[in-house]
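*Asks:* Quick one: structure below, then a few questions.
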Amino acid sequence: MGNVEGVTEPRPLVIAANRLPVMRNSDGGWSTSPGGLVRALLPTVQESKGAWVGWTGERDGVAEVIESEGIELHSVPLSSNEVDRYYEGFANDTLWPLYHDAIRESGYHSADWDAYVDVNQRFAVQVANIAPPGAAVWLHDYHLQLVPGFLREQRNDVRIGWFNHIPFPPLELFQRIPWRSEIVKGLLGADVLGFQRSRGARNFIAAAHQLLGATEIDDDLVHYQGRNISVGAYPISIDVADFELQASGRATRQRSAQIRSRLGDPEVILLGVDRLDYTKGIGGRLRAFGQLLDDGRLDPERHVLVQIATPTREGVEHYQDERREIEQIVGEINGRHARLGFPVIHYLYQTLPLDELIPLYRAGDVMLVTPLRDGMNLVAKEYVAAHVDGDGVLVLSEFTGAADELGEALLVNPHDEQRLQDTIVQAVEMHRHERRPRMEAMRDRLATATVGDWAKSFLDVLMER
Ligand code: G6P
């Protein structure tokens, strides 16, 4: 175990993330959110008698302790104004676009920053109040970058880790933030900083050096104000075994066949599954598909596209604009190429449950994952894991973390319209003798890098095991 004097047990694990791993039911009770991250972390929290700190997703909520799956969830309530300024404002209108290559203009408002500081301080106080002596505290994502520093001021006995689920930008972009030094200082309060890709870790080290004079004393080890901070890459994954299990069930096979027949038994089903986010490149992908139909390189009688767009951050203007644009493109393409009863793009602006998503993945012959920038992109991994039949083609943007690991996908630059179109045609026409070895190689690699491996590798460093 770690180095708490006289204690030989593993450190209790306390998680803090913007969101709690539960959703409110219609009867007012709570149910655990689906998702590999939650499943990967809950057992360690349970066994170590730790806790989870986060927001319920509600405006003007009250502080409460929710008992779920044998662990205590401590809510951090946010006022309606804080949801506007901390969550929709600083987190999702300032940091999110900037950290994704500034593909949308960020807003820089001091009232948003002030709310971000206040909420981060409240998270730190809450964690400080409940963390057992010598606990390991694992903080998640860009919402909580100041918590490491605030927590360190209050509790020097705990080990503090932070993992960034999204990209960490190069200094040229990062330094646009008026409060850039405060953010780096906040992060340097941690013992371990984790990033999806090594370039994110390098970007952070460069920012810490340039802005605060932190020095890299060894590979992935930064020295700042008398302390060493480990900075490294920990690419996240999914629960591969669980996906495979669900994908190989009879009900999934039947549903998958039913989906294909409902779509009119096309030769090729192309599939996109994304949160409706401007980082995901949904519009460019739809336009490429439309152009291929216009040019007769794809045929509406043989090729259909299913696009699932999950509603997200609907209060933020960039998201409202993006939705309008996508729905207009879908309308235009269907207007030109649909036949009565047979749209060529089947577009759902809905959140699908996993037992509907997995059959869709299986039905998808060609998966289009074309973000302009993405920290990892777990949809790409889910598609591969769901293809227990060993078939299917993945078209994957070079600008995703997943591209580091899934090199047998058809990698594409989504800004290159012509290449994107050609790659979609290549995917549609690929012979099974080429499809299967590519899929097999990706499936083999995925099996050795699950979300459990990811959590363990980070926790080993955090817990000093
Ligand atoms: C990304 C972020 C997560 C976030 C998720 C959904 O994956 O990295 O932290 O929870 O998007 O976004 P939301 O704003 O609904 O929490």
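Bear in mind that the values in this text are calculations on the coordinates, not laboratory data. For clarity, every value in this text was computed on a predicted model and none was experimentally measured. Neighbour counts run over all protein chains shown; Cβ positions are idealised from the backbone, glycine included.
*Asks:* What is the magnitude of the charge dipole of region 351-431 about its Cα centre, with +1 placed on the Cβ of each Lys and Arg, -1 on the Cβ of each Asp and Glu, and no other charges, expressed in debye to the nearest 20? The partial results should precede the final answer.
*Replies:* Working: 4 positive and 15 negative charges, 28 e Å.
Here region 351-431 has a charge dipole of around 140 debye.
*Asks:* Still on this structure, I have one more. Would you mind checking which residues have amide H under 5 Å from VAL412's amide H? H placed 1.01 Å from N; only 5 or more apart, or other chain.
*Replies:* Excluding prolines and chain starts, which carry no amide H, the hits are LEU396, SER397, GLU398.
*Asks:* Can you compute 3J(HN,Hα) from phi for each residue in region 191-196, using the Karplus curve 6.51 cos²θ - 1.76 cosθ + 1.60 with θ = phi - 60°, rounded to whole Hz and x for Gly and Pro?
*Replies:* In residue order, the calculated couplings are 9, 9, 10, x, 10, 5 Hz.
*Asks:* Ok, one more. Looking at the chain only, what percent of DSSP beta bridges run antiparallel? Nearest 5 please.
*Replies:* So the antiparallel bridges amount to about 25 percent of the total.
*Asks:* Right, something else. Positive end of the dipole of region 240-448, charges at C-beta (+1 Lys, Arg; -1 Asp, Glu), about the Cα centre: which of GLN426, LEU293, VAL268 has its Cα farthest in that direction?
*Replies:* Farthest towards the positive end: VAL268.
*Asks:* Next question, about the same structure. Among the lysines, select those whose C-alpha is under 27 Å from the C-alpha of LYS185, and discard any that sit fewer than 8 residues away in the same chain.
*Replies:* LYS456
*Asks:* While we're here: Ranked from highest to lowest mean number of other Cβ atoms within 10 Å per residue, what is the order of the peptides 61-70, 370-379? Walk me through the intermediate numbers first.
*Replies:* On the way: 61-70: 12.6, 370-379: 24.9.
The packing order, highest mean first, is 370-379, 61-70.
*Asks:* I would also like to ask the following. So, in nm, how far is label ARG227 from label GLN418 when the simple model puts each one 7 Å beyond its Cα toward the Cβ?
*Replies:* Simple spin-label model gives 5.3 nm for this pair.
*Asks:* A follow-up question, please. Quick one: divide the alpha-carbon radius of gyration of region 240-448 by 2.2 N^0.38 Å and tell me what you get. Could the numbers behind the result be given before it?
*Replies:* Details: Rg = 15.9 Å, N = 209, 2.2 N^0.38 = 16.8 Å.
Scaled against compact globular proteins, the figure is 0.95.
*Asks:* Show me, for region 384-390, the HN-Hα J-couplings you get by feeding each phi into the Karplus relation (A = 6.51, B = -1.76, C = 1.60, θ = phi - 60°), rounded to Hz, glycine and proline as x.
*Replies:* 5, 5, 6, 7, 5, 6, x
*Asks:* Please give the helix 198-212 orientation as an angle from the longest Cα principal axis of the chain, in degrees from 0 to 90, rounded to the nearest 10.
*Replies:* 40
*Asks:* Right, here's the next one. Mind jotting down the three principal axis lengths of the chain based on Cα atoms? Whole angstrom, largest first.
*Replies:* Dimensions of the chain along the principal axes of its Cα atoms: 68, 49, 44 Å.
*Asks:* Checking the cross-link filter: which aspartates and glutamates have an alpha carbon closer than 15 Å to that of LYS49, excluding same-chain neighbours under 8 positions apart?
*Replies:* In chain and number order, the partners are GLU9, GLU67, GLU69, GLU72.
*Asks:* What order do you get for 261-267, 454-460 when each peptide is scored by the mean count of other beta carbon atoms within 10 Å, highest first?
*Replies:* Per-residue mean Cβ counts within 10 Å order the peptides as 454-460, 261-267.
*Asks:* Oh, and also: Between 0 and 90 degrees, rounded to the nearest ten: what's the tilt of helix 432-447 against the longest Cα principal axis of the chain?
*Replies:* 10
*Asks:* Listed highest first by mean packing, meaning other Cβ atoms within 10 Å per residue, what order do 356-365, 422-431 come in?
*Replies:* Values: 356-365: 22.3, 422-431: 17.6.
Going from most to least packed, we get 356-365, 422-431.
*Asks:* Here's something else I'd like to know. Could you work out how far the C-alpha centroid of region 146-171 sits from that of region 71-120, in angstrom?
*Replies:* 16
*Asks:* Using only Cα atoms and rounding to the nearest 10 degrees, what angle (0 to 90) does helix 36-47 make with the longest principal axis of the chain?
*Replies:* 30
*Asks:* Sticking with this one: Distance between the C-alpha centers of region 182-214 and region 221-294? Whole Å please.
*Replies:* 29
*Asks:* Still on this structure, I have one more. Using the 10 angstrom Cβ neighbour count as an exposure proxy, how do TYR224, TYR86 rank, fewest first?
*Replies:* TYR224, TYR86
*Asks:* Further question: In whole angstrom, note down how far apart the Cα centers of region 299-342 and region 403-465 are.
*Replies:* Cα centroid to Cα centroid, the span is 26 Å.
*Asks:* Using the Karplus curve 6.51 cos²θ - 1.76 cosθ + 1.60 with θ = phi - 60°, what ³J(HN,Hα) values do you get for each residue of region 25-35, in whole Hz, with x for Gly and Pro?
*Replies:* Coupling constants for region 25-35: 7, 5, 7, x, x, 10, 10, 5, 5, x, x Hz.
*Asks:* Can you give the convex hull volume per residue for the Cα atoms of region 117-271, as a whole number of Å³?
*Replies:* Convex hull volume per residue, Cα atoms: 193 Å³.
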